[in-house]
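> I have a structure here, written as C-alpha cells, and I will follow up with some questions on it.
The values are calculated or read from the model by the stated rules, or taken from the named source; none is laboratory data. On a predicted model such as this, the values are computed, not experimentally measured, just so you know. FYI the Cβ positions are ideal-geometry reconstructions off the backbone, even for glycines, and counts take in every protein chain you see.
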Amino acid sequence: MMVVTAQALAPTYSQQQLGLLADVESDFASAGLVRLDAVWYSPLPKREMAMHVTRAADEPVAPTIAFDAFLAVDIRVGTVVAVEPFPEARKPALKLTIDFGPVVGHKRSSAQIVKHYDAGTLVGRQIAAVVNFPPRQIGKFMSEVLTLGFPDVDGEVVLFAPDQRVPDGGRLF
C-alpha cells in the first residue's frame, strides 16, 4: 500500500494552493484513495500507483483529474548553470544545478540523461522541472527538483524545454 500525503505532494503551499487543497483532496477520493486521519492511502500496490510504470506512447491515458490538481504541481523553467558526473548512481546520471530565478533560486537535480546530453551541451540550456516535490535522496545526493523529459524511441530521456528563451522561474500554464 502506498502512502500519499498532501505534504509530500507539495510541502509548502501558497495561499492560492491552500484554496485548491479541498479540490485536490476530492480528486484523491475520486481516484480511489482512502483517507485515514491526515494521510491518503492507495488500495493499489505501489507499482500500480507509480508515475512511470511504463513510458510507452501506446499506454492508455491516466485517470482524469481536476484542473486544480494540475495547478498544485509547480512546473518552472530554469537554466542549467553546472553539471557534474554522478558515477555512484545505479543508472548513469548527471547532477544538475539549475537557476530558477530569484524566487526559487538554484536547485539541484539528478537526471538520467547521459544518452543525449553531457556538460558541454547542458550548461546554459533551459529546462523544465517540478519545483514543489519534496527533496529525494539518491545515493549520497539530494535531488531537490524533478527534471522533466519525454522518452525517445529507445526509452531514453529527451529534456522538456521551451523552444525560445524565457525568463528563469517562469511557471508552466
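> Exactly one of (1) modelled with pLDDT of 95 or more; (2) in contact with a strand residue (DSSP E or B) (Cβ under 9 Å, 6 or more places away or on another chain) is unmet by Asp118. Its number?
(1)
> If you don't mind, there's one more thing I want to ask. Report, by residue number, each residue of segment 86-105 that is loosely packed, with under 15 Cβ neighbours inside 10 Å and not basic (Lys, Arg).
Pro87, Glu88, Pro92, Pro102, Val103, Gly105
> Okay, moving on. Residues in segment 145-155 that are under 18 Å from Arg171 (Cα atoms) and either in contact (Cβ under 8 Å) with a residue 40 or more places away in the chain or in a loop (DSSP other than H, G, I, E, B) (or both): how many?
Counting residues in segment 145-155 that are under 18 Å from Arg171 (Cα atoms) and either in contact (Cβ under 8 Å) with a residue 40 or more places away in the chain or in a loop (DSSP other than H, G, I, E, B) (or both) gives 3.
> Taking Val103 and the conditions (1) touching a strand residue (DSSP E or B) at 6+ places or on another chain (Cβ under 8 Å); (2) of a type in the set (A, V, I, L, M); (3) within 24 Å of Phe67 (Cβ to Cβ), which numbered condition does it fall short on, given that it satisfies the others?
(1)
> Check every one of the strands (runs of 3 or more DSSP E) wholly within segment 104-144 and list those with 1 or more residues that are in contact with a Phe, Trp or Tyr (Cβ under 6 Å, 6 or more places away or on another chain).
106-111, 126-130
> Looking only at segment 78-98, decide whether some residue is modelled with pLDDT of 95 or more, closer than 29 Å to Gly155 by Cα, aromatic (Phe, Trp, Tyr) and not in a strand (DSSP E or B).
Scanning segment 78-98 turns up no residue that is modelled with pLDDT of 95 or more, closer than 29 Å to Gly155 by Cα, aromatic (Phe, Trp, Tyr) and not in a strand (DSSP E or B).
> For segment 65-85, enumerate the residues that are among the aromatic types (Phe, Trp, Tyr) and crowded, with 21+ Cβ neighbours inside 10 Å.
none
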